[in-house]
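Structure, as structure tokens:
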Amino acid sequence: MGRIPRTSLRGGRYPLLEIWVVLWTCLWWIVTPLAALDRKFWDGGKVPRHPVRGTWSLEDAFPTLGLLPGTLGFAVPPGETNRIIFVNMGGVAYEVSLSNKLSSRLFLDLSDRVFFEQESGLLGMAFHPRFQTNGWVFVYYSSKEGAGGLIQSFNRLSRFTVPPGGDGRPDPASEVVLFHQEDPGPNHNAGCLVFGPDGYLYLSVGDGSLWSNRVTQRLDAGFFGGILRLDVDRKPGNPPPNPGFGVNPNAYSVPADNPFVGARQYGVGDQVIWKGENPQALRTEFYALGMRNPWQFSFDPKTGELWCNDVGNGSREEVNRIRPGANYGWPWWEGTISTTDLEVEGTALPEFEYSHFSGRTAITGSHFYRGSFYPELDGAYLFADWTGDIAVLRPGEPGEPEVTWIVNLPGVVAFGADPRDGSLLLTSGSGRIYRLVQRPVVGEVWPEKLSETGLFENLPSLIPRPGLVPYEINAPFWSDHAIKRRWFALPGEDSMMTFRREGAWTFPAGTVWVKHFERPYHRPSTMLFPMETRILIQTTNGVSGASYRWNDEGNEADLVPDEGSDAMFYAWTPTELVTQIWHFPGRNECLSCHTSVNGGPAGFNTAQLNRRTREGVTLLSQLDAWSVAGYFSEPLVRTHQMPALVSPTDETQTLEHRVRAYLDANCAACHQPGGLTRTPWDARIGTALDQMGLIGIRSSVSSIGLGEFRIDPGHPENSSLFLRISTLGAFHMPPLGTSEMDTEAVDLIRRWIVEDLPKREGYDQWAARWLPEHWESLRSQSLDPDGDGLNNFTEYLLREGPLNPQRRWKPVIAREGSRFVLRFNRWAGRHFEVQWASDMTPAGRWSRLEVEENDPRATLSDSEASIPLPDGPTRFYRVIVAGD
């Protein structure tokens, strides 16, 4: 009997510590057989395997080109059809040759002067109408000044020149600055840059994240919150710009017919905004104002009308028909929603608006189409939402356009046109360039009635057809007090899904998921009334979904229209009867959460499904049962060692683990790398807390009173995550499918911020405490300053110091009566698991010690673990230690 002095760190979900021991004992082992799930043949019912997706689709425009991540927009030199310039936020622009042999090269590199963070970067590019003779290229970007931690960002509009006789690329040293103003924040910089049919340069500018009329309703406070119109040719009769804000009067003039040239005062309704105190401070460059973040605009090539998308805050997204001098209301109005008590009159109404309650969250690219490539779209304005929905707007009477949502592509950034044929190109967050194509209608329609889908043998009782398997998850998504039931089915009886310990699984086409929503009908909630049943099916190119609304009798459900619908219900919460608005999602809304980054179905993954469920009177592992029944392409082993969320309401778990489970279930569908979010932090349970981008990170919504930090330990009132979860309305998170407050989650996160985080010591704090400044070089996680065989991160996990080799956490084997036990200190918030192997060779297989006391879950308080060891031949033991 003895201890082998070896420790090591392993990669994986968390940094792990392995402590090894060996014991000579006698063999004794009990194996409990797993109750098998009897897999039944699933015939697919009448759920469409290939649902109708409409006549429009998107294809990879340049499949041999590869990805262009960070691409924000397009620019095409006038009169040319052989190349497109793609603008990258990081500070570079790429030229793609459209010859038979597609190729790309660097066109312009400004990365040495571009401030690249969130919505700051290289934002727009436009070629002068006479580019072929003067070589002028105009660029709008976020420039940086300073060094180290003192970098300041500026909004800069500049001109570059392609030298005669060169290779067709502008000289980075030829920059002429038109204006250069300080940027108050990294977001809301807009940046659409286009020459209009009148030959003038138009530029959209955002509010700089400043939610006040201090800038967006001021004509003397800089270039914020509107559309500018400049004369870069300095035509005779056009006045020079007024001084201030880094203006270069030798680089442009102001069109004499700009709406604010010669203005003596300015106001809207009964609000007098500028009284004409200093005419030289007036920014006559403005063509229209009162916008939040006018992402992309487009001229109607036939009429010259200007149409613009304005990104909303938390409630509405706008399409505006731009009129000279018009005020579009921000920040007093968000669409037609008043944001103040002033009820300011006289602002321009949006041509079209849509609510975030639809599942759409941020309007992005747009293009006014005229041409013959798409005859059906001639005279239509196309626009997209960041969640992926793409719409066709056909102008009608003011405020009464006809809008049709036609196709979905998550992460659309901007529109452009292929100069060869006029077909529409779209950039996406993935870095791939897509082309809009029209194809014949194909596919099957969804049944009009839920009973016609063939999912249930008895619909009112929800008795599933053979092959449709019920399942449970660990941490349900909040759904306004609704109680949910879930099923899935794989086609046939021999198709399989591919399991991954972490990340998205893959599924055969024809896999079906069903989620059913019920509400308490009386109090207490022993009687439940059905509201909605949603169906998701895996196709050969993604997932498709539909929803069914139950009738008042509770015996049938009808297919929800493509665009979705709303209803009002009475329902019991845990404390009272409430009236709530319930949203039935439309077809494309399903794809807001069930995205490719999630593998399709959100919540159908290892951490959510790794739990014990009841099969008759037997409790068994859900994953193991499916493995034995043949649902996975390879059998699963040691599922107890795999990631598993806990219930956020489980008081036996640590606050941090419960909060992390809530964030994974409710936020990670969008908040993860590649997710559909404008705020980059990672909510996945497998991401270390210090790497999530939450703790102590400055909030992008601090300027509107939603907290200075994403999480400020000890201060929920200054933490944007808490404020957005605890506030209903425009700023509420999660933004989809909810109109009721999750009070338990609000209290959970408040307690975590107030009680846990102030006393939590991260690695950096631990290293600074133990290794002062003169030992700073020894703070690396992989170093072992005291030479005891444990590196710094291991010492941190075990709450030891890095400078005392005599003090070391270790497990010991002791005798208790007639048996041996493994004893060690079990620290709160750490996960400990004992494993064994029969030999120490590289091929030795480690298994969890299957005794009740060997529970790997983190505990609420420190304790001493005493793990009984079985009799038997020689065995080696190790302890796996992991942090939350």
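The values are calculated or read from the model by the stated rules, or taken from the named source; none is laboratory data. As the structure is a computational prediction, the values presented were derived from the model and not from experiment. Here the Cβ is made from the backbone with ideal geometry for all residues, glycine too, and neighbour counts use every protein chain on show.
Assigned to a strand (DSSP E or B) and more than 33 Å from the chain's Cα centre (by Cα): does that describe residue 105? In short, no. Entry remark, region 122-177: residues being polar (S, T, N, Q) and either over 14 Å from residue 91 (Cα atoms) or not assigned by TED's automatic domain parsing to the domain that holds residue 234 (or both) number 6 in total.
Of all the criteria given as (1) modelled with pLDDT of 90 or more; (2) surrounded by fewer than 13 Cβ atoms within 10 Å (Cβ to Cβ), the one not satisfied by residue 490 is (2). Only one of the numbered conditions (1) crowded, with 18+ Cβ neighbours inside 10 Å; (2) within 40 Å of the chain's Cα centre (by Cα) is violated by residue 199, and that is (1). The conditions of being of a type in the set (Val, Ile, Thr), under 23 Å from the mean Cα position of the chain (by Cα) and at pLDDT below 90 are met by residue 597. When every residue of region 482-505 is checked against the conditions, none turns out to be part of a loop (DSSP other than H, G, I, E, B), among the hydroxyl-bearing types (Ser, Thr, Tyr) and more than 32 Å from the chain's Cα centre (by Cα). In the set (1) in a loop (DSSP other than H, G, I, E, B); (2) modelled with pLDDT of 90 or more, the condition left unmet by residue 95 is number (1). Among the conditions (1) modelled with pLDDT under 90; (2) crowded, with 18+ Cβ neighbours inside 10 Å; (3) assigned by TED's automatic domain parsing to the domain that holds residue 541, residue 671 misses just one, which is (3). Which one of 420, 439 is basic (Lys, Arg) and either under 31 Å from the mean Cα position of the chain (by Cα) or not assigned by TED's automatic domain parsing to the domain that holds residue 71 (or both)? From the options 420, 439, the qualifying one is 439. Set side by side, the residues 851, 821, 812 differ, and just one is under 30 Å from residue 661 (Cα atoms) and β-branched (Val, Ile, Thr), which is 851. Pairs linking a residue in region 360-382 that is assigned by TED's automatic domain parsing to the domain that holds residue 301 and under 15 Å from residue 408 (Cβ atoms) to a residue that is surrounded by 20 or more Cβ atoms within 10 Å (Cβ to Cβ) and charged (D, E, K, R), with Cβ atoms under 6 Å and 6 or more positions apart or on different chains, are 360/385; 360/389; 363/317; 363/385.
Number of residues in region 829-884 that are assigned to a strand (DSSP E or B) and surrounded by 14 or more Cβ atoms within 10 Å (Cβ to Cβ): the value is 22.
Looking across region 733-782, the residues that are part of a loop (DSSP other than H, G, I, E, B), over 21 Å from residue 670 (Cβ atoms) and in contact with a helix residue (DSSP H, G or I) (Cβ under 9 Å, 6 or more places away or on another chain) come down to 760, 761, 762, 771, 779, 780, 781, 782. Entry remark, region 153-186: residues being surrounded by fewer than 15 Cβ atoms within 10 Å (Cβ to Cβ), in a loop (DSSP other than H, G, I, E, B) and of a type in the set (D, E, K, R) number 2 in total. Only residues that are closer than 13 Å to residue 113 by Cβ and loosely packed, with under 12 Cβ neighbours inside 10 Å were counted across region 131-146, and they come to 1.
Set side by side, the residues 742, 784 differ, and just one is closer than 23 Å to residue 660 by Cβ and crowded, with 16+ Cβ neighbours inside 10 Å, which is 742. Scan region 789-809 for residues that are in contact with a Lys or Arg (Cβ under 7 Å, 6 or more places away or on another chain) and closer than 28 Å to residue 652 by Cβ and the total you get is 2.
Under the condition of being buried (at least 18 other Cβ atoms within 10 Å of the Cβ) and not in a loop (DSSP other than H, G, I, E, B), the residues counted in region 110-130 number 8. Note on region 506-525: residues that are crowded, with 17+ Cβ neighbours inside 10 Å and either outside any loop (DSSP other than H, G, I, E, B) or of a type in the set (D, E, K, R) (or both) amount to 9.
Screening region 367-478 for strands (runs of 3 or more DSSP E) wholly inside it with 2 or more residues that are farther than 27 Å from residue 45 by Cα returns the ranges 380-385, 389-397, 400-408, 412-417, 424-428, 433-438. Against the test of being more than 16 Å from the chain's Cα centre (by Cα) and farther than 24 Å from residue 543 by Cβ, the options 403, 392, 407 yield a single qualifying residue, 403.
Can you go through 262, 304, 312, 276 and tell me which one is within 34 Å of the chain's Cα centre (by Cα) and of a type in the set (Gly, Ala, Ser)? Testing whether each residue is within 34 Å of the chain's Cα centre (by Cα) and of a type in the set (Gly, Ala, Ser) leaves just 312.
Among the residues making up region 223-279, those that are under 18 Å from residue 324 (Cβ atoms), in contact with an Asp or Glu (Cβ under 7 Å, 6 or more places away or on another chain) and small (Gly, Ala, Ser) are 225, 253.
You will find that of 359, 396, the residue that is touching a helix residue (DSSP H, G or I) at 6+ places or on another chain (Cβ under 7 Å), modelled with pLDDT under 95 and not aromatic (Phe, Trp, Tyr) is 359 and no other. Against the list (1) touching a Lys or Arg at 6+ places or on another chain (Cβ under 8 Å); (2) of a type outside the set (D, E, K, R); (3) at positive phi, the condition residue 422 fails is (1). Within the option set 271, 265, being polar (S, T, N, Q), assigned by TED's automatic domain parsing to the domain that holds residue 176 and either in contact (Cβ under 8 Å) with a residue 24 or more places away in the chain or on the phi > 0 side of the Ramachandran plot (or both) holds for one residue only, 271.
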